[in-house]
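Peer 1: Before anything else, here's the structure in question.
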Amino acid sequence: MGLLRLLVLAVLASEPRAAGGAETVGNSSEGLLEFSVGKFRYFTLKRPSPEEAILRHISSNVTFLIFQIHSQYQNTTISFSETLLPNASETGTDKGLVFILRPEQSMCTWHLATLDAKPVQNVAIPLSYSERDPIPGGCNLEFDLDIDPNIYLEYNFFETTIKFAPANLGYARGADPPPCDIQTGRGSRWRLQYDVYQYFLPENDLTEEALLRHLRRMAEVPQVKASAVKVVTLTANDKTSVSFSSLRGQGVIYNVIVRDPFLNTSAAYVPAHTYTCSFVTTEGNCSSLGRVSSKVFFTLFALLGLFICFFGHRFWKTELFFMGFIFVGFFFYILITRLTPLTYDELRVTSSCVCEVRGRPCSTHLPSASYSRLPFRVLHPRGEFSVLLALTAVAGSVGGVFLAAVWWRFGVLAPCLLCVGLVLGFLVSSVTFFTPLGNLKLFRDDAIFWVTFSCIAVVIPVVFIGCLRILNILTCGLVGSYSMVLAIHSYLYTSLSYITLNVLKRALHVDFRGAFLNVPFQTNDFIILAVWGMLAVSGITFQIRRERGQPFFPPHPYKLWKRERERRVTNILDPSHHIPPLRERLRGRLARIKELFRKEQPAGERTPLLL
């Protein structure tokens with residue numbers, strides 16, 4: 001008997017256990033997955049073989065359960081029954097269902113499946129709540145489910161918007177749910193408050209393991225409060241929709257915690273994640289942040305910016321070309337985007353479907369592998385960027401040449417330094433609104449925002465009106481070194497690029513004014529910030545020391561050219577006096593070029609000699 005007991009203990013000890021009791025891995029039996037309340041489970045779903053999830057031994061003080069399942073980008077379907085019904089099933093990457101328990105019920109089941117051709121790696125967890133806890137999505141009137149705890153996410157190039165259904169008060173097993181819209185007092189769901197949280201994944205980490213690992217921190221209320229950043233608190237009178245700035249290639253997880261301040265209880269919705277890009281499209285997917293054209297453009301722009309950072313004041317006309325390129329190119333880009341069909345607004349992607357904004361129907365349960373087989377053309381937000389980039393480069397080059405030509409012909413410092421000062425003011429103003437100041441509700445009004453932004457930009461050249469050389473050198477150092485940040489963002493995500501990109505989005509998209517501008521600031525950003533600061537300080541210091549004892553600005557180029565031309569005309573001893581005029585030199589070179597294509601005449605006489 002003792003030997004048999006030891007054998008049983010050895011078999012139990014050899015079974016795989018969850019790490020710390022927080023997760024389990026694998027299948028309990030073929031086609032059946034057993035779960036425990038509050039414990040995560042990793043498993044793989046395949047298209048031909050759906051799974052059934054079962055939860056046993058539910059405590060009697062639990063009144064409802066939220067079962068949620070997550071994957072990176074492949075869709076998964078969760079349902080109450082094997083037959084998929086619109087009000088009893090959900091399909092997507094972050095989905096969940098609320099199960100209202102009946103009296104004496106201690107077991108419940110769900111059905112899990114996928115239509116994707118490839119196996120889908122998932123993580124799932126059932127969470128339990130008591131009758132005092134609010135029910136997420138309990139007063140749903142917008143979406144398909146009767147009780148919908150899901151967060152619906154959609155994004156475009158400019159903003160990412162999350163939507164969710166209002167919650168309801170909790171109630172005991174077997175009781176009728178409280179009415180949603182009959183009363184508005186303290187005894188109704190109108191006393192509930194909603195805290196919206198945002199959590200950033202590690203930068204430049206697009207792996208499935210990282211996402212599923214960090215999703216565990218956003219499922220339960222205590223972990224969400226400890227790990228994520230609370231962005232805003234909504235009341236029952238506010239619209240259950242919040243917008244954020246889209247961060248392409250950066251993983252972000254959103255969740256909402258509904259609180260009952262009267263009973264001091266809370267419950268979490270099903271978290272939703274996005275990378276603001278697609279893993280399945282071949283054009284501009286998440287693994288490549290930019291097209292080849294944009295990488296070439298910003299690399300050349302950064303090389304010129306580095307030259308301006310260290311030698312801009314000495315090579316004055318090159319600097320004017322650089323500043324004119326930025327000034328004209330920025331405004332031309334805004335103008336052509338707003339007035340022509342070349343926009344980024346043609347695709348809107350949601351967490352469970354892909355649809356076009358321009359009136360075409362949305363496919364609600366679309367597998368990830370079906371993006372390439374859509375009956376309409378899916379446009380990526382960067383699909384037309386090469387055309388816009390080429391036109392912007394041409395317009396910027398024209399603006400740079402024009403500003404340099406104005407200086408060469410007229411030699412007036414005021415308009416040139418005004419343009420230089422405004423470029424520096426634009427960067428300073430953009431940095432100001434990149435701080436938490438940009439999220440103030442006051443600046444959601446376009447008039448207040450643009451007036452404040454313009455005032456900060458104009459103040460910079462006014463402050464330095466008495467020391468114009470310092471203004472010019474500061475602009476060369478700061479703006480020239482920042483071009484390196486934009487070039488790095490073409491290859492590697494960095495939040496510092498959104499210093500100027502947020503202003504560009506605000507100018508292009510009207511609805512962007514209501515978006516929160518939060519960005520992650522992680523190790524890569526600290527390194528790039530240090531490089532930017534080092535380049536700026538080095539460039540400014542080098543130019544100040546180099547220009548010590550030199551004239552503040554070069555003399556008028558046109559006057560110098562005219563004076564030199566008159567000297568060559570009157571001074572016959574000057575070797576340049578004997579150089580033919582430019583027109584005659586051009587004619588001579590054209591004549592030599594024509595000589596190359598002229599057939600050689602044969603030598604000698606063609607007719608026979610007469611004897």
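The values are calculated or read from the model by the stated rules, or taken from the named source; none is laboratory data. Being a predicted model, the structure only gives us computed values, none of them experimental. Cβ coordinates were reconstructed from backbone atoms using ideal geometry, including for glycine residues, and neighbour counts include every protein chain displayed. Please note that ligands, DNA and RNA were not included when accessible areas were found on the heavy atoms of the full protein model with its side chains. Shrake-Rupley method; radii C 1.70, N 1.55, O 1.52, S 1.80 Å.
Peer 1: In segment 237-274, which residue that is aliphatic (A, V, I, L, M) and under 19 Å from the mean Cα position of the chain (by Cα) is nearest to VAL123 (Cα to Cα)?
Peer 2: Checking each candidate, the answer is ALA272.
Peer 1: Taking LEU388, is it modelled with pLDDT under 95, of a type outside the set (D, E, K, R), more than 30 Å from PHE516 (Cα to Cα) and buried (at least 16 other Cβ atoms within 10 Å of the Cβ)?
Peer 2: no
Peer 1: Shifting gears a bit: Of the residues in segment 43-53, how many are touching an Asp or Glu at 6+ places or on another chain (Cβ under 8 Å) and loosely packed, with under 15 Cβ neighbours inside 10 Å?
Peer 2: Final tally of qualifying residues: 0.
Peer 1: Sticking with this one: Mind checking whether some residue in segment 553-567 is surrounded by 13 or more Cβ atoms within 10 Å (Cβ to Cβ) and charged (D, E, K, R)?
Peer 2: There is no residue in segment 553-567 that is surrounded by 13 or more Cβ atoms within 10 Å (Cβ to Cβ) and charged (D, E, K, R).
Peer 1: Name the residues in segment 463-472 that are open to solvent by 10 Å² or more (accessible area, probe 1.4 Å) and assigned to a helix (DSSP H, G or I), would you?
Peer 2: VAL463, LEU468, ARG469, ILE470, listed by residue number.
Peer 1: If you go through segment 292-314 one residue at a time, do you hit one that is modelled with pLDDT of 70 or more, assigned to a loop (DSSP other than H, G, I, E, B), at negative phi and surrounded by 16 or more Cβ atoms within 10 Å (Cβ to Cβ)?
Peer 2: yes
Peer 1: Would you point out the residue of segment 317-344, among those that are hydrophobic (A, V, I, L, M, F, W, C) and open to solvent by less than 10 Å² (accessible area, probe 1.4 Å), that is nearest to LEU422 (Cα to Cα)?
Peer 2: MET323
Peer 1: When segment 431-442 is examined, which residues are found to be free of Cβ contacts under 8 Å to residues at least 40 places away in the same chain and assigned to a helix (DSSP H, G or I)?
Peer 2: THR432, PRO436, LEU437, LYS441, LEU442
Peer 1: Name the residue, out of ASP195, ASP205, that is under 22 Å from LEU517 (Cα atoms), touching a Lys or Arg at 6+ places or on another chain (Cβ under 6 Å) and among the acidic types (Asp, Glu).
Peer 2: ASP195
Peer 1: Now, a different point. Mind checking which pairs have a first residue in segment 202-223 that is under 19 Å from CYS286 (Cα atoms) and a second that is small (Gly, Ala, Ser) and in a helix (DSSP H, G or I), Cβ under 9 Å, 6 or more apart or different chains?
Peer 2: Once the first residue is under 19 Å from CYS286 (Cα atoms) and sits in segment 202-223, its partners that are small (Gly, Ala, Ser) and in a helix (DSSP H, G or I) give PRO202/ALA210; GLU203/SER495; HIS214/SER227.
Peer 1: Which residues, counting only those in segment 119-165, are farther than 26 Å from LYS46 by Cα, in a strand (DSSP E or B) and polar (S, T, N, Q)?
Peer 2: Matches in segment 119-165: SER128, THR160, THR161.
Peer 1: Please count how many residues of segment 535-570 are modelled with pLDDT under 80 and under 14 Å from CYS309 (Cα atoms).
Peer 2: Within segment 535-570, residues that are modelled with pLDDT under 80 and under 14 Å from CYS309 (Cα atoms) number 0.
Peer 1: Return the residue satisfying two criteria in turn: it lies in segment 16-42 and is of a type in the set (Asp, Glu) and either buried (at least 20 other Cβ atoms within 10 Å of the Cβ) or more than 35 Å from the chain's Cα centre (by Cα) (or both), and of such residues it is modelled with the highest pLDDT.
Peer 2: GLU34
Peer 1: I've got another one for you. Which of the residues belonging to segment 498-529 are small (Gly, Ala, Ser) and either surrounded by 21 or more Cβ atoms within 10 Å (Cβ to Cβ) or part of a loop (DSSP other than H, G, I, E, B) (or both)?
Peer 2: Scanning segment 498-529 gives a single hit, ALA515.
Peer 1: When segment 130-185 is examined, which residues are found to be closer than 29 Å to SER246 by Cα, among the charged types (D, E, K, R) and surrounded by fewer than 22 Cβ atoms within 10 Å (Cβ to Cβ)?
Peer 2: Once the filter is applied, which keeps residues that are closer than 29 Å to SER246 by Cα, among the charged types (D, E, K, R) and surrounded by fewer than 22 Cβ atoms within 10 Å (Cβ to Cβ), segment 130-185 yields GLU142, ASP144, GLU154, GLU159, LYS163.
Peer 1: While we're on this one: List the residue pairs whose Cβ atoms are under 6 Å apart, where the first residue sits in segment 504-517 and is closer than 10 Å to SER245 by Cβ, the second is in a loop (DSSP other than H, G, I, E, B) and open to solvent by less than 20 Å² (accessible area, probe 1.4 Å), and the two are 6 or more positions apart or on different chains.
Peer 2: LYS505/PHE158; PHE512/PHE158
Peer 1: Ok, one more. Quick check, is VAL280 modelled with pLDDT of 95 or more, not in a helix (DSSP H, G or I) and not polar (S, T, N, Q)?
Peer 2: no
Peer 1: Just name the residue that is least open to solvent (accessible area, probe 1.4 Å) out of those in segment 186-226 that are among the small types (Gly, Ala, Ser) and over 18 Å from ILE125 (Cα atoms).
Peer 2: Step by step, filter segment 186-226, then rank; the result is SER188.
Peer 1: Contact list please: Cβ distance under 6 Å, first residue in segment 576-605 and outside any helix (DSSP H, G or I), second residue open to solvent by less than 100 Å² (accessible area, probe 1.4 Å) and at pLDDT 70 or above, pairs at least six apart or on different chains.
Peer 2: So the pair list comes out empty.
Peer 1: Further question on the same structure: So in segment 114-129, with the set limited to residues that are open to solvent by less than 40 Å² (accessible area, probe 1.4 Å) and within 31 Å of the chain's Cα centre (by Cα), which one is nearest to LEU169 (Cα to Cα)?
Peer 2: Within segment 114-129, the match that is nearest to LEU169 (Cα to Cα) is ILE125.
Peer 1: Which condition number in (1) surrounded by fewer than 17 Cβ atoms within 10 Å (Cβ to Cβ); (2) hydroxyl-bearing (Ser, Thr, Tyr); (3) at pLDDT 95 or above is the one that THR109 fails?
Peer 2: (3)
Peer 1: While we're looking at this one, here's another question. Are any residues in segment 248-283 in contact with a Pro (Cβ under 8 Å, 6 or more places away or on another chain), under 15 Å from ALA165 (Cβ atoms) and of a type outside the set (Phe, Trp, Tyr), and if so, which ones?
Peer 2: Listed by number, the residues that qualify are ASN255, VAL256, VAL258, ALA267, ALA268, VAL270.
For every residue, the table says whether it meets (1) touching a residue at least 12 places away in the same chain (Cβ under 8 Å); (2) assigned to a helix (DSSP H, G or I); (3) open to solvent by less than 50 Å² (accessible area, probe 1.4 Å); (4) aliphatic (A, V, I, L, M).
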| residue | (1), (2), (3), (4) |
| --- | --- |
| PHE426 | yes, yes, yes, no |
| ALA447 | no, yes, no, yes |
| ILE456 | yes, yes, yes, yes |
| PRO461 | yes, yes, yes, no |
| LEU474 | yes, yes, yes, yes |
| GLY477 | yes, yes, yes, no |
| SER483 | yes, yes, yes, no |
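Peer 1: Another question, if that's okay. Only one of (1) within 38 Å of the chain's Cα centre (by Cα); (2) open to solvent by 20 Å² or more (accessible area, probe 1.4 Å); (3) modelled with pLDDT of 90 or more fails for LEU85. Which number is that?
Peer 2: Just one mismatch for LEU85, condition (3).
Peer 1: Hey, any hits in segment 225-235 for a residue that's in contact with a strand residue (DSSP E or B) (Cβ under 7 Å, 6 or more places away or on another chain), in contact (Cβ under 8 Å) with a residue 12 or more places away in the chain and assigned to a helix (DSSP H, G or I)?
Peer 2: Yes, the conditions are met somewhere in segment 225-235.
Peer 1: Pairs please, first residue from segment 82-102 and under 14 Å from ALA113 (Cα atoms) and of a type in the set (Asp, Glu), second anywhere and open to solvent by less than 80 Å² (accessible area, probe 1.4 Å) and assigned to a loop (DSSP other than H, G, I, E, B), Cβ atoms under 7 Å, 6+ apart in sequence or on different chains.
Peer 2: Listed pairs, sorted by first residue: GLU90/LEU145; ASP94/PRO271; ASP94/SER351.
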